[in-house]
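Asker: Sending over a structure as structure tokens; questions will come in a sec.
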Amino acid sequence: MARTLLAILRSILFTIAFYGGSVFIVIIAFIILPFSRHRLQSMARGWGMYHYCCARTFLGIRVRIEGPMPQGQVLYAIKHESFFETIELLRIFNRPAVVAKIELSRIPLWSHIARTYGMIFIDRAGGAVALRAMMAEVRRFVAEGRSIVIYPEGTSTPPGEQPPLQAGFAGLYKLAKLPVVPIALASGHLYPRRGFIKRPGVIVYRFGEMIPAGLSREEIEARVHKAINELNAVERD
């Protein structure tokens, strides 16, 4: 009971600190938006660092990275269990362009900042027009030398679940012509995708072996699916 009450208190303090601070960060980002895209990208990384600082200070959550982080331009394929990693990737990677669901583009003010930063909103129900728009954005960011981040399962899943990859992943892999770095993680047991109470512990990111560009759809999907779900079968800290 005492541990649950402490977790509730820590979660309340985290929510006040992180979301309260985020309001000011978004306002500042909107002000500098017309003047400097580079500074906006730096602010995005700063937001990620602020989130981790709040998580570590108030929630007692730490991050452990296993495996070598790539130095060049790649396509990151990441397991998705919670909101935690969506902000963490801004801190860990260098200016990544991020594929996200279209629903996030409807958030006032933030969505405009996100698009300018490099968020690629995908509308799975939008047909050929939406697909062409997404492909154009992917090509632009690849040409700029930026890595691309995608959650190949399409949405966040509870710990232990291993849904099939969305069809769009193979298409993006073929279009980007970049090697893939699969990343397994375990975050949902501490920072649940639904539910207010968060708990202390270690969130693991396991960087898998780099997979070359140019493989068949069947092979790339099988290798990525296996790699990103690696931590589902092991004991978590």
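Asker: Go through region 151-160 residue by residue and turn each phi into a ³J(HN,Hα) via Karplus (6.51, -1.76, 1.60, θ = phi - 60°); whole Hz please, and just put x for glycine and proline.
Answerer: Whole-Hz 3J(HN,Hα) from phi for region 151-160: 9, x, 7, x, 7, 6, 10, x, x, x.
Asker: In region 186-237, what chymotrypsin sites (Phe, Trp or Tyr not before Pro) fall in a loop by DSSP, with at most 14 other Cβ atoms inside 10 Å?
Answerer: Taking region 186-237 and a limit of 14 other Cβ atoms within 10 Å, the loop chymotrypsin sites (Phe, Trp or Tyr not before Pro) found are 196.
Asker: Could you pull out every residue, at least 5 positions away or on a different chain, whose amide H is within less than 5 Å of the one on residue 119? Hs are placed 1.01 Å off N in the peptide plane, and Pro or chain starts have none.
Answerer: Amide H to amide H, under 5 Å and 5 or more residues apart or across chains, residue 119 pairs with 98.
Asker: Sticking with this structure for a sec: Give the relative contact order (percent, whole number) for region 55-148; include only Cα pairs under 8 Å separated by 6+ residues.
Answerer: Normalised by residue count, the contact order of region 55-148 is 31 percent.
Asker: Size of the dipole of the chain about the Cα centre, Lys and Arg at +1 and Asp and Glu at -1 on the beta carbon, nothing else charged, in debye to 20?
Answerer: Rounded to the nearest 20 debye, it is 580 debye.
Asker: Another one. Just the accessible area per residue of the chain, please: how many Å² with a 1.4 Å probe?
Answerer: Using a 1.4 Å probe on heavy atoms only, each residue of the chain averages 51 Å².
Asker: Given a 1.4 angstrom probe, I'd like the percentage of the accessible area of region 1-118 that is carbon and sulfur, rounded to a whole number.
Answerer: 67 percent
Asker: Further question: So what is the calculated 222 nm ellipticity per residue for the chain, using -39500 (n - 2.57) for each DSSP H run with n of 4 or more, over all residues, to the nearest 500 deg cm²/dmol?
Answerer: Only helices count here, giving -14500 deg cm²/dmol.
Asker: A follow-up question, please. Just in region 1-57: which chymotrypsin sites (Phe, Trp or Tyr not before Pro) are loop by DSSP and have at most 13 other Cβ atoms within 10 Å? Working shown, then result.
Answerer: Numbers: sites: 14, 18, 19, 24, 30, 35, 47, 50, 52; in loops: 35.
Loop-located and lightly packed - 35.
Asker: Using only the Cα atoms of region 46-144, each taken as one equal point scatterer with no solvent, compute I(q) by the Debye sum, divide by I(0), and report log10 of the ratio at q = 0.19, 0.22, 0.25 Å⁻¹.
Answerer: Treating every Cα as an identical point scatterer, log10 I(q)/I(0) equals -1.11, -1.35, -1.51.
Asker: So which DSSP H runs in the chain come out at 27 Å plus along the axis (Cα) with average Kyte-Doolittle of at least -1.0? Write down the numbers at each step before the final one.
Answerer: Details: long enough: 2-32 (45 Å, 2.06).
TM-like helix candidates: 2-32.
Asker: Here is a further query. Report, for the chain, the % of DSSP beta bridges that are antiparallel, rounded to 5.
Answerer: Around 20 percent antiparallel, to the nearest 5.
Asker: Follow-up. Classify region 17-66 from the C-alpha gyration tensor, please: rounded if a/c falls under 1.5, else prolate or oblate depending on whether a/b exceeds b/c.
Answerer: oblate
Asker: Further, regarding this structure: Over all directions, what mean area does the Cα convex hull of region 98-153 project, stated in square nanometres?
Answerer: Averaged projected area of region 98-153's Cα convex hull equals 3.9 nm².
Asker: Given contacts defined as C-alpha pairs under 8 Å and at least six residues apart, what's the relative contact order of the chain, whole-number percent? Walk me through the numbers before you get to the answer.
Answerer: Working: 367 pairs, mean separation 62.6, N = 237.
Here the relative contact order equals 26 percent.
Asker: If every alpha-carbon in region 1-92 counts as one equal scatterer, what log10 I(q)/I(0) does Debye give at q = 0.21, 0.22, 0.23 1/Å?
Answerer: -1.14, -1.18, -1.23
Asker: Can you give me the P(r) profile for the chain? Cα pairs, bins 10 angstrom wide beginning at 0, each as a whole percent.
Answerer: That works out to 7, 31, 37, 21, 4, 0, in percent per bin.
The values are calculated or read from the model by the stated rules, or taken from the named source; none is laboratory data. Keep in mind the model is a prediction, meaning the values are calculated, not measured. Please note: Cβ atoms are built from the backbone with ideal geometry, for glycine as well, and neighbour counts cover all protein chains shown. Remember, those area values only see protein heavy atoms, side chains included, never the ligands or the DNA or RNA. Shrake-Rupley method; radii C 1.70, N 1.55, O 1.52, S 1.80 Å.
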